[in-house]
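Participant: Dropping the structure in here first, questions after.
The values are calculated or read from the model by the stated rules, or taken from the named source; none is laboratory data. Owing to the predicted nature of the structure, the values given are computational and were not obtained by experimental measurement. Every residue, glycine as well, gets a Cβ built from its backbone with ideal geometry; the counts of neighbours run over all protein chains shown. Note: accessible area is taken over every heavy atom of the protein model, side chains too, but ligands, DNA and RNA are not part of it. Shrake-Rupley method; radii C 1.70, N 1.55, O 1.52, S 1.80 Å.
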Amino acid sequence: VTVNTCPGFSPCTPSTSLTPSASLVALRCYDNCMEWTAPYAFRLYWSISGGTLQTAFAADPSDCDSYVGLGFCPAVGSMGGCDYYLGYMDGATPRLCDYISGGYAPPTADTVDDILWENVVMSGGWLVAEMDRLLDTGDAAQDVVVVNGVNNIEISCQAGAAPAGDCAAVGMHAFGRYVDEAIDFSVTVNTCPGFSPCTPSTSATVSVPG
């Protein structure tokens, strides 16, 4: 039986596979999707609604079973000052945490968690993290402003044991397990096989703390 008792909810078909053999379960739909396939496989989904970024980022678990990360950086190729979000499974508990990078070293937890909503799942073996955050969080000391235009992003991952605990200390991703690129969020992008853009459902009125 079809049920909808949630204010602001619009039903939509979840995005389909990351690859023909691995299904991506995303809780929401997105307007854009970009895929990288070599040397490691990543996907980035995004929509901008008013002053809020809705995004999902995913990594191939055959190389990245510890965590998957998304960073917004002052410059492409520079980790210093990157505003980082890391998703991982702490046993059966999904975690998505806000970090800041001081450079080529493990990031540290941000003292102000700016994640408004979050979802972390293992989907078809893939590690997928979804979240909302304001484009401008107002935390200039620890966050990078995201714009509806060109943003310098880095997606990274790590292999091995997942971090233990909420916003736990994490190791720096291994050399090569990342992509960094300037991406224009105002331009429609679809380089993901099987992806169909659709209007994201709005977040629940009660935010889930990061």
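Participant: Give segment 51-83 a look and list any residue that's in contact with a Leu (Cβ under 8 Å, 6 or more places away or on another chain), open to solvent by 10 Å² or more (accessible area, probe 1.4 Å) and either small (G, A, S) or without any contact (Cβ under 8 Å) to a residue 60 or more places away in the chain (or both), or say none.
Facilitator: Scanning segment 51-83 gives a single hit, G51.
Participant: If you don't mind, another one. So, of the residues in segment 33-50 that are open to solvent by less than 20 Å² (accessible area, probe 1.4 Å) and not small (G, A, S), which turns out to be farthest from L86 (Cα to Cα)?
Facilitator: Looking at the filtered set, the residue picked out is C33.
Participant: Within segment 68-84, can you find the residues that are more than 11 Å from the chain's Cα centre (by Cα) and not charged (D, E, K, R)? Let's see the steps before the verdict.
Facilitator: Quick first cut of segment 68-84, residues more than 11 Å from the chain's Cα centre (by Cα) only: 73-83.
Selection gives C73, P74, A75, V76, G77, S78, M79, G80, G81, C82.
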